[in-house]
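Taken together, the values in this text are just the output of simple stated rules run on the coordinates, not laboratory data. Quick caveat: nothing in here was measured; it's all calculated off a predicted structure. Don't worry about glycine lacking a Cβ; one is built from the backbone with ideal geometry, like all the others, and counts go over all protein chains shown.
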Amino acid sequence: MVDVPTLVEQARAGGPRAVARLISLVEGASPQLREVMAALAPLAGSAYVVGLTGSPGVGKSTSTSALVSAYRKQGKRVAVLAVDPSSPFSGGALLGDRVRMSDHASDPGVYIRSMATRGHLGGLAWAAPQAIRVLDASGFDVVLVETVGVGQSEVEIASQADTSVVLLAPGMGDGIQAAKAGILEIGDVYVVNKADRDGADATARELNHMLGLGESRGPGDWRPPIVKTVAARGVGVDEVVEALEKHRAWMEERGVLGERRAARAAREVETIAVTRLRERIGSLHGDRRLDALAERIVAGSLDPYAAADELVAGLTGEG
């Protein structure tokens, strides 16, 4: 058994091993997870959570590393949660060493953690919300969440971050993607990376055009800016940080930040509740109650929806 209060205290003091241990408890769905979350609840809520998403190859890891450098220059503690594809053999993160962010490995003000998706769709790991809370409660000023890079369907980050950054790059078909639903509808800030390549200006123009189609914004509404960068050389990164801070200020002024965080908490509670129900339903295979309902459906005396109602009522104690 882990001494949770001591572990939380060590994490708050900046101990990377304590932070790592807490996230491992989250990933492993430890029996002590409830105790961990209860201890962290009053400590969380101060970190600014920024999600970075985009198609594979646009430079998410390079951009994340550049943002870490920019925030560190401001004296802020930064945590990176890098969600990677799962190994088909071990289930672990394929890019677990996070070699592309090795420049920050020795910085005590930076914590980098890879997390495997373990088959979870939407670009994030199922344990990401709790892992974000661990990093938040551990005293980091900024938490950067870099998603796995699965393309258009990678929209879940919008429900987990305070501000979502969508990265594009010229010559990768992102101009066409701008016309489609999904990943390019979730951005609060858009970044055209690798802007030293041909076609960067055209990509930015296309994106600006698509953002203006079919949208009705009132006075004072947020208009997502488009920033061009060459993250590998640090060009334009300060402008991205400026855009992020402007969005944060706008959200705080309008009460949007609180609304987003409340919605995030509601989704987390819903996910936990649904997971618990699934576990209970999963344990019914071979249960006489389920078999009896199935027999009634086959006999034509009960329809599947009514059977499901009876099953749920039995599981929840309703009716």
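Using the Cβ of Gln130 as centre and a radius below 13 Å, the other residues enclosed give a net charge of +1, where K and R count +1 and D and E count -1. If Lys and Arg each add +1 and Asp and Glu each add -1, what is the summed charge of the other residues whose beta carbon sits under 11 Å from the beta carbon of Gly15? Once all neighbours under 11 Å are counted, the net charge is +2. Roughly how many Å is it from the Cα centre of the range 262-299 to that of the range 17-43, as a whole number? Centre-to-centre distance over Cα atoms comes out at 26 Å. Here's how it looks for Ala82: its modeled amide H is under 5 Å from those of Arg113, Ser114, Met115, Glu146, which are all 5 or more places away or on a different chain. Given 20 °C and 1.002 mPa s, compute D for the range 215-259 with the Stokes-Einstein relation, Rh being the Kirkwood radius over Cα pairs; round to the nearest whole µm²/s. Calculated translational D: 179 µm²/s.
Descending by average beta-carbon neighbour count within 10 Å, the peptides 54-67, 240-253, 303-316 line up as 54-67, 240-253, 303-316, the highest first.
Each residue of the range 15-24 is assigned a 3J(HN,Hα), and the resulting list reads x, x, 5, 5, 4, 4, 5, 5, 5, 5 Hz, derived from the Karplus form 6.51 cos²θ - 1.76 cosθ + 1.60 (θ = phi - 60°), x at Gly and Pro.
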